[in-house]
Each structure stands twice: as C-alpha cells, then as structure tokens.
C-alpha cells in the first residue's frame, strides 16, 4: 500500500477504493490550501500509466487568485477551476479542443463579479467555460420576482469550492478523481451543497462528471440544474451537425422559429446571428440513458455527452454561431429545466424539489470523438435510440419570457 | 520594560498602559500584514498568566483570505475576525460555547459578498457570528429609500479592519486588548470611523467590547448600531429563559404578537417557527447600567451582556428557535435602535447623530455564566433592577414595515 | 546591449526602442505576477539618470492585495495602481503634491467595491486618485436605462490591469514607460481593450498618458472617456485660478448657474459648497492642441494638462471646494463627453463609436508648474490660444439630469 504524503490532509470521509492515494488541495474547514502544486505518475511510482496533475494559482486582471487544476495524459488534457465552481475550462486531445473562444479570456475570480450587474447578467463577465453548472438554486434567464433578482444561470459557477480533493486509484487503470464541494449556503434562504466529481482514466478520451446535490436544510428546497456544455472550433464549423435522439423540439422564442427548418445543422460564423435556442425532450433507452453530440462537417471529429433522462430529462440546444470574436459556440445542455426564468419553469411545473436531507445525483459522460469511427458509433447509437419515433417539431414557443 | 519586536510597527497613537507590549498585525497605512502569527505567555516571558494569541489566514471556498484571531486561555477561547469587522465568531469556556451553528459555516470574505443581493439581504450569506456589529451608517432591515437600498444590518460587519493591534499589559493580570479600525468612508456620503476594542483578562470568563465611533467628516452624520449577540446550544434549549429588567416590551410585527404570552421562555428547535422579534426598553440603575442574559433550563449555564442605556437605550430580543440546521439561535441585541428599516427609525425619532469630529463610545461586558451560582447572580441583579416596576406589555407593534 | 533578466517574461509584441529593458510585472496570460518588486538606475547600470521603480502589494482594510507602482526621481515621484485601472494616485515634485485628500484613504481593491451600490455610485467608495479614467463603455453620472444601471463613471477605474509592463529606454534620457492593459470584456456586451501608457523621463516634471482603446469585437461599439484629473492643496486654495482657452462655458445644472460670474477663481474650503460643474468647449491651435491648468493664488505653482481636441474635444471643470475633510478638490477633465448620464450624451449626439477592430488614441501631457515662470508660460500659451476669441458664457444648462 502506497500513500502520498503531502502537506494536505488525508480524508477519511469517503469509502474510497482501498489504498487510493488522496491529496487534499483545499479544505476550508481545516484551512488547507496547497496553492501551486504538482504530481505525476513518476513521482507516484506508477508505471502502468502516464499522467500529471497540477494546480496553479493565476494572477493578473480579474483572475487574480483563481485556481486551475490541469490533468495531462496522452488521452486528454483537462483543465478545471476550483475557484469557478469546479467548472471545466477546456479539454484537448488529438489536437481537438473541446471548448470555445470567449471574449472573456481570463479565469475570472468571482470576487470581481457582481452577478446582479446589468440587471442580473453579471455572469456574462466570467463565462468562457467548456462546461459550467447553471444551478443549483435556480438555473435560467434572469428575472425579478419575489422582490429579488434571480441572476442569470444561478450561482454555482461563481462559487469557489470549499473542499478540493484529488484521488488516484492504486490499481490500474489508475483512475483520477477530482472532487470539489460547492456550498450554496445562505441563512434563511438555502443550504444546497454539491459534491462535484470529475472521473478520468489516464489515456482515455472520455471523462465522467458525477455530482451529488444535497439539501442540507430541514426544509424542502427547489433546485434546478443545466449542464451548459460548450463547443466551438474546430468541431463547430459550417455544416457541423447536432445529433441526438429526440421526442420533440420547440423554439425557445420567436427568433428561434425560423431555425426550425435546419436546426440539426450549424451555420459558419455569422455576423448578426446572435443566438438561437431550442428546447428538446430527448429519447432514451429502457434505462433512461441517452446521448447528444456535435460533429464536424466531414464527420471525423466531434464530442458527445451521455446522460440519464431520469436525472436530466430535458435538453437545450444553444446555437450561438455569431462571429469568432463575438463567440462562435454551441451549447449542448442537459438539464432538469429549460433556460426560461424560474418563474416560467415554476409555472409550467418543471422545477424539482429536494426534501430535507435528500440527495440527488447527476452523471454525465463526455467523450471526445477523434475520428470517423467514433462519430459513426455516436450516429449509430442515436439512430438506435430514435428508432421509429418521429421527432415532434413544435412550431410555437412553449413560453414567452 | 519589555518590548516585543516583530516585523510590525509599534503604535504611538494611544496612551497605553506604560510599557505594554504592542503588536501591529495589520496596518493599511504602513502596508503591514503579519498574516499567520502566534505568540503566547511563555514567549512573552509572562509567568503570571497562561494564554496564547494567534492569527490565521483562512483558505477555501468563500473564506479565502479571511483572517481569524484566536485568544486562548483557561478561562475562555475567543475567536474574532478582522476581515469581518472585528466581529466575534465564537467564545468557549468550561465546554460551554457562546455562539451558534449557522448554515453558513465559513468565515466569508466580504469580497465574495454582494450586500445588495436578493434585494438587500446579501448579509445573510456571511452571517454566523456570535456578535456582529449592525451599523454604523444604518442598522436595520433593508429598505429602498432615497433612491438606494439600505442593505440589511449595515456594512460594518463586512468591512475588513484597516488596522489591527494587539496589546498585552505588562503587569498582572496581563489584560489583552485587540483593537481594530473600521472605516465606513465613501466620498460625499460618509466618514464614520470606529476603533473597536476587545478587552480580555486571561483566565477570566468575561470580556469587554469597547467601541469608539467618530464622525470624521465636517458634517453631522446619522448613525445607528445594534450589537447583534447570538446564542445557540448548549445554552439555548427548550425551557431556556431570557432575563432582563424591562420597562416595556412590544412585538416587532404581527407574527410576534402571539409570542407575548411566553416571551421570556424559549421553545426547543421548532420546525416552521422562523423568527419572532420583540422590541424592549430596558430598565437600568441610576448610572444607566443594565444587563440582559439567556440561561438554560436547569439554570446552571448562561451568558449575560451588561451595557449602558445612555449609550444603548434599546434592546431587541430575536427568537430564532427554528430547527438546528436552519439555525437555532437567539439574539440579545442592545442598540441605539430597533431593527426596523432606517425609514421607520427616522420617522419615529430614534436615529442618533454625531456632529463633525464628534465621537461616541459603546461598551458592553459579556460574561459566560458557567454554573448555577453565576446564573443566580444574574437573576438577582435583574430582580434588583426590575424592582417594583412592572413590565409594560404593549400588544401592538409600534410600526409596520 | 543590456537586458534585465527577471522571473517575468520579455515581451515581443511591440516594436520598442531597440534594446530597451522590459520587465513584465503582471501577465494574466502567462500567469506572471512579480508582486513586491524594485529596481533602480544603479541596478540597471545606468549612470546618466537617477531613478527607482517599485511595485508594492498593499495590505489592510479594503486595499488588501492592491498594487501600487511608484516611480521616484529628482523631478517627480509618481504613484499609480495597476489594481485600479492604472490610474494615478498622486504625483509630487518640489514639495508640490498633485492630487488631493479624499475621505477614502485606501487604495481600494475593486473586489471590495460594488459599483451598483447606492443606486450606482459605488465608485465613490474607491475614489481618491489624482487621475482616474472614467470610461470606456460609458463615462458619466449613473442612470437606469436599457433595463440596467449605467454606474457612475464607468468601470475602467475599477478594472485590474491584465498585463503590466515596465520599459526603460536604453539610451539617455532613459525614458520610463509603464504600460497596463485593461479589459472591459463581457460576453455579448463589450470587448473594449485599452493599452494605457505612462511615459516619464526621469528628472523631468512632466509625464505623458498615452492610451490606445481598441474595439476588439466584430461589432461597432460606443465608447466614452473622461480623464478625471484632480488637484487639491497646495495648488488649490482661495484665489487659485483655473486657466484654459475656451470657446464656451455652460453650467452643468441649475446650481452651477450662480458660479458663472467667477468660474475661473476658486473659493477656499467652503462648508456646504458641495460641487459646481461647468461644461466647456476648449479652443485649440491649428493642430487641435490645447491646454488647461490650475494655478495657486500667488501664481507660483500649478499644474497643466495638454491634450488634443481631435481626441478629447470637451472639457469639464469640477469645482468641489467643500471642506478639507469632505474633499477639497478641483477636477480638470478633458473628455469625449460631458458628465451627464449616457442617455443624455446619446440624445445630444456626443457619444462616439469604434468600428470592429478600430483603435483610437488619447494622449495627455501633464506638467507640474513649480514656479512663477512655469505658470507664466502656461498663461501665455492660454492667452495665445484664446487670442481674439471671446468665451461664450451660456447661462442655461444644456441638459437636465
């Protein structure tokens, strides 16, 4: 049994795989913060895998003090930020980048963001992630209701993680797990706590997000979550395609109505396009599993997200095929909800609730599709799930903001 | 004469006890910040007392960079936070904890708080202190008036101290003083500056808060202050009692009216209780001195606060006997004001004013009551102060928010 | 050829003077932050000039983590803050201080400022600079429009610089350049990026601000800028004079109307004066160059600002001759706009626009006037520029807020 000894604290809270190596990078309770830190398979005396894991504290501009964890292996390089809700910044493998180029280039420390600014869209000042959790108190577009502003896309993405733990399995394939705890705790208002988890087997081209949200209060509490997963170049391009098995699709608003004719296909960077959003109900297999993805025009690179419709029954497609500098990007967004303001989601009965002490899990498997074969497999799976079902194309928005 | 030499700067601003040892932990003017720092009676060559004083910089979550000073002795352990307005986090002696368990568990750095959020109650995202200063520009519930939001409970509690100085008296009983300067300075709006002071004699079970508020501007300025002092388990329990000599009591709002029958007694943790608030006018001795306290059911542990009704003429009782996870806590809150919005306090003539250059002092003595004898002493004192006076129970709220 | 080797990164982005010494203090992209840092002419083996350049990270209160760069030479000492938009804090030469004494005494880290607070005047909680850039998305008084608050004086002054570079010319006179990059980047909203530049020849009593603002987005974007340059004692005093060649002057509002009779002269510190603001159109030479300044009563000290009316066609005079503790200060403010809310500036056609990728430059030369001769030179230049023109004194405000 090997144990990594670092200035952190070895956690005993979870029943890990026996003898896993555990490094606590951050622990608010214990006051731990390793700051700039690095390990790799060599240091860990692991010969069966080749990887490194590094945490860096960033400097300059509005990213002063932001932390980024980067996992590097031959399969993928994955960057995520504990300071920004454990969200994924970007992932790269085989020279294919999952992620996009936002006008916001820094990993903005939430200390420099006022989520309420510009009438509740301060979130836009930090948005550049490949995957950002929109939740958990609320998830959608901003709205003033109940005497307050429900700010755009909730607070989780701008909540620094209270605990961050890296675990490396002792045995092959030496799975790496990065856990981060997000606390949305406000006296009288909320006590929603989420253990986020990134699971990655070094060398592979997939990873799993496994989040467990708990209502730690003594009262029932509403929750909402959208996994806002964003892809730009090189996958997104003119003729790139969105693929998913769908029961139905409807336009988010009037502007999206004209996109109903060619919603599965992407335009190239288009001045004045702004964004077009579609609400979808995915089809799934008997276990509730489904998949959605985006592939390039040639069909030889792409990305897919597998998820569980029991956990995340809805899917939003965000086509933001505006110019490159404005942000050329598409969002594939499994969620409990659509992106309407919480007032509409409530009214239409889509907001879920956790009872006191109750937890719920969200698990998504992201894959890089590096070649035509991988793209073909995705297409085959989608075809199978779609089967004989015809996608119901609803011509009118189901709600008006 | 002994002098402690540290990388700080020895202050000459105040006429301390001769030869006191003075350590500057923080000084914005000089750019001093000792960060993690510790001393104790041994290091200081003090044999007549046994104590340590430590400053820690916290990490993780929204407490990144927050500082906590902890004084430890056989009498009490006192934790306060320079980053959060020199407020008291918790105090413990004889295994009795003064303080409470808030859903907010971190010592939140104000950099991560927007006091205006949720329509002016952002303060709730950091609230977990045993004693928080609600002031000094304003103190009560939020209200939109004069074209702005007066946010819940003012700004002092979310103002990092500009200077922090620890002083240890040279002679027995080696009183420890922790001073912190809070600046509520806004061009055109306010120049209220407060030197807060915690005075503690090692080994004892009492401490004194001595704050001097100065209007450093050339114009008169309103001020308000409530010392929001909060107690949960183990003192608070079903059958615990609030004790104070009272001229009158009135319900804060309609909800509190039904609490008028048993206001001196506490319920156990009660689902759905939320909070019940009472406005009180305390009785005092000829010098204006009075006391209020909370004791457990058995009457063998408690806490008391002595204060001066010339400085703090009013008293608010906050009964938040909701569930443990929601926050089971009572607030005993001497103040210049009640917790109504500043608009009501103004209208009803309770807002005080400082003239240019004028200062005013607030002094409160907090005591841990470790046994039945100490509780009895409190009860005797309250009886004496109450004397023949009957508490006037006013059935209707004096104002409606 | 000499090169300074530090842990920073030598920039190759600009075509500097050959063989200049370049030190990167901060670089968000590379993660560079030198923190506390110092160099001087001796260390650099420069014999023909005598100067030092230092960066300090501040501590305490709301200035925790703020950085200040100080250039010291026999001519001037110049302090500026990368954390606060590269703005100038104060400049001193010959015992004459350019700058003023604000009630806000700390170099407030924007992490502690909510620009939207008090209905959009949070900017006042950090304002104490000798020169602050009010821009670039908008510049004037706050207004709620387009469903949002345009906060007082824009965001640039509360934007930490993403890159900070110090350059020292290799040859005499060893000009020092401090560049700082400000990013006003918000997804969907703005991509305005400014390279600010301070140029200073050691030993001299003038410096140049050279800012290049670029619209890095693919869409046209409005911009506004006011260089809010502020002077208090010892130059400002009863009988001090404002000097500039003017085509016209009008009162900003009704209150300023009564100041039209003696606008070129300053009152001493005056209780209840508050602020009086005048809108001016400066006269310039054939190349568009002009100058404005403030001189003391005796006419033996002062400050001047030379600017280009093609870049900055308007001038605001801010007379805030209130009491010393309230802030006794005058602002001489060349700009693209007046200080009215953006709604008024738009309506009256003064808001400028940058096309996609377009840049624009603002250059201002500030001078300390150390003696009667320098003051006389300023007066002569103003007289020449004024020539036969009579200043048109417009009696009514051109707009009402």
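Spin-label model, residue B:359/residue A:310: points 7 Å from Cα along the beta carbon direction are separated by 6.8 nm. Per-residue Cβ neighbour counts within 10 Å put A:375, A:329 in the sequence A:375, A:329, beginning with the fewest. For chain B, the relative contact order works out to 15 percent when only alpha carbon pairs closer than 8 Å and six or more residues apart are counted. Please label the shape of region B:202-261 as rounded, prolate or oblate, based on the square roots a ≥ b ≥ c of the eigenvalues of the alpha-carbon gyration tensor (a/c under 1.5 means rounded; beyond that, a/b larger than b/c means prolate, else oblate). Cα axes put region B:202-261 in the oblate bin. Computed over the protein assembly as shown, the convex hull of the alpha-carbon atoms projects to a mean area of 50.3 nm².
Chain A has one residue whose beta-carbon comes closest to the axis relating it to chain B; that residue and its distance in whole Å are A:111, 2. Taking a ≥ b ≥ c as the square roots of the Cα gyration tensor eigenvalues, region A:21-393 comes out rounded, since a/c falls below 1.5. The value of relative contact order for region B:210-327, using C-alpha pairs under 8 Å at least six residues apart, is 29 percent.
Pairs of alpha-carbon atoms within less than 8 angstrom and 6+ residues apart define the contacts here; what relative contact order does region A:128-255 have, in percent?
Computed over region A:128-255, the figure is 24 percent.
Across the identical copies, the 7 Å label point of residue B:262, projected outward along Cα→Cβ, sits 7.2, 7.2 nm from its counterparts, in ascending order.
Short to long, the 10 Å bins of the Cα pair-distance histogram for region A:142-185 hold 23, 30, 23, 15, 7, 2 percent of all pairs. For residue C:361, the point set 7 Å out from Cα toward Cβ sits 6.3, 6.3 nm from its twins in the other copies, listed from shortest up.
Per-residue Cβ neighbour counts within 10 Å put A:218, A:101 in the sequence A:101, A:218, beginning with the fewest.
Relative to one another, the C-alpha centroids of region B:106-169 and region C:180-225 are positioned 35 Å apart. To the nearest Å, what is the center-to-center distance of region C:52-102 and region A:239-279, using C-alpha atoms only? Value for the Cα centre distance between the two parts: 52 Å. Neighbour counts of other Cβ atoms within 10 Å put B:225, C:398 in the fewest-to-most order C:398, B:225.
For residue B:384, the distances from its label point to the matching points in the remaining copies are 8.6, 8.6 nm, ordered from shortest, with each point set 7 Å beyond Cα toward Cβ.
Pull out a ≥ b ≥ c, the square roots of the eigenvalues of the alpha-carbon gyration tensor of region A:150-293, then state rounded if a/c is under 1.5, prolate if not and a/b is larger than b/c, and oblate in the remaining case. Oblate is the answer for region A:150-293, as a/c is 1.5 or above yet b/c matches or exceeds a/b. When both region B:300-355 and region C:343-401 are represented by their alpha-carbon centers, they are found 54 Å apart.
Bear in mind that the values in this text are calculations on the coordinates, not laboratory data. In this text the structure is predicted, and so the values were computed from the model without any measurement. Cβ: placed from backbone, ideal geometry, glycine included. Neighbour counts: every protein chain shown.
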